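The values are calculated or read from the model by the stated rules, or taken from the named source; none is laboratory data. For clarity, every value in this text was computed on a predicted model and none was experimentally measured. Cβ placement follows ideal geometry from the backbone for every residue including glycine, while neighbour counts extend to all protein chains displayed. Heads up: the accessible areas ignore ligands, DNA and RNA and are worked out on the full protein's heavy atoms, side chains in. Shrake-Rupley method; radii C 1.70, N 1.55, O 1.52, S 1.80 Å.
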Amino acid sequence: MNKAELINKVSEQTNVTQKVAKVIVDTLFEGMKESLQKGERIEIRGFGSFMVRNYGGYKGRNPKTGEIVEVPPKKLPFFKVGKELKEMVNTVGKV
Amino acid sequence: MTKVDIVEAIYEKVGFSKKEVAKIVESIFDIIKEHLQHHDKIKISGFGNFVIRNKRARRGRNPQTGDDIEITPRRILTFKPSQVLKASLNQKEVKSDTPVE
């Protein structure tokens with residue numbers, strides 16, 4: 001399911017127009033993105049949490065040329081699945 | 001950030017009460033969860049993909065006792081952040097010639 005399909009489903013289930021559902025879904029993910037940009041942790045109960053991890057720089061190699069390149073420090077987002085969702089996802093395969 | 005902050009941000013954009021917005025936000029996560037449980041991945045462009053992966057049974061060890069145990073097959077959920085999200089976290093550091101992995 002992609003974002004457009006999610007918007008359709010939200011619109012159907014909550015009786016808001018597609019246009020409003022789009023604003024809501026976009027604002028939700030945009031808000032989460034901005035929060036991560038600020039380095040904040042996001043916790044959605046029943047779903048999971050997002051956090052930003054910092055990675056130090058290191059010297060790597062360009063696999064094509066063998067040239068040594070400096071890989072700068074970077075930040076990466078991480079998602080930790082909540083217990084409830086983790087169990088939900090795992091129950092179906094067994095049925 | 002929690003659901004409360006998400007509700008606040010949406011409340012400022014639409015003409016609903018916070019209670020109504022909270023209900024809608026709850027449904028969004030419920031729809032995502034239900035889809036992940038019964039179907040497959042969720043792709044949110046500009047944010048990332050929530051992907052279900054099937055793991056086969058494998059041998060493992062209880063790290064506390066050292067006992068050999070079988071880890072049962074399972075379905076797990078992983079999040080693969082989009083390039084856009086990764087780049088946005090590194091805006092200041094990113095140089096145009098730096099490949100973003």
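The figures follow:
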quantity: Pairs with Cβ under 8 Å, 6+ apart, first in region B:35-53 and without any contact (Cβ under 8 Å) to a residue 12 or more places away in the chain, second surrounded by 18 or more Cβ atoms within 10 Å (Cβ to Cβ) and part of a helix (DSSP H, G or I); calculated: B:37/A:88; B:37/A:89; B:42/A:6; B:42/B:32; B:42/B:35; B:42/B:36
quantity: Subset of region B:44-64 (residues that are surrounded by 11 or more Cβ atoms within 10 Å (Cβ to Cβ) and facing chain A (nearest Cβ under 9 Å)); calculated: B:44, B:45, B:46, B:47, B:48, B:50, B:52
quantity: 3 or more residues under 22 Å from residue B:78 (Cβ atoms) and open to solvent by 40 Å² or more (accessible area, probe 1.4 Å): qualifying strands (runs of 3 or more DSSP E) within chain A; calculated: A:48-55, A:74-81
quantity: Residue match in region B:20-43 (condition: over 24 Å from residue A:39 (Cα atoms), more than 10 Å from chain A (Cβ to nearest Cβ) and not small (Gly, Ala, Ser)); calculated: no
quantity: Unique match (being out of contact with any Asp or Glu (no Cβ under 8 Å at 6 or more places or on another chain), within 19 Å of residue A:86 (Cβ to Cβ) and open to solvent by 40 Å² or more (accessible area, probe 1.4 Å)) among B:33, B:41; calculated: B:41
quantity: The listed residue being free of Cβ contacts under 8 Å to residues at least 40 places away in the same chain, part of a helix (DSSP H, G or I) and more than 22 Å from the chain's Cα centre (by Cα), out of B:19, B:23; calculated: B:19
quantity: Residue within region B:31-41 that is in contact with a Gly (Cβ under 8 Å, 6 or more places away or on another chain) and under 20 Å from residue A:50 (Cβ atoms) present; calculated: yes
quantity: Qualifying residue in region B:78-87 (condition: part of a helix (DSSP H, G or I), at the interface with chain A (Cβ under 7 Å from one of its Cβ atoms) and surrounded by 12 or more Cβ atoms within 10 Å (Cβ to Cβ)); calculated: yes
quantity: Residue list for region B:6-15, filter: crowded, with 17+ Cβ neighbours inside 10 Å and either more than 9 Å from chain A (Cβ to nearest Cβ) or free of Cβ contacts under 8 Å to residues at least 12 places away in the same chain (or both); calculated: B:7, B:9, B:11
quantity: Failed item, numbered, when residue B:67 is tested on (1) open to solvent by 80 Å² or more (accessible area, probe 1.4 Å); (2) touching a residue at least 12 places away in the same chain (Cβ under 8 Å); calculated: (2)
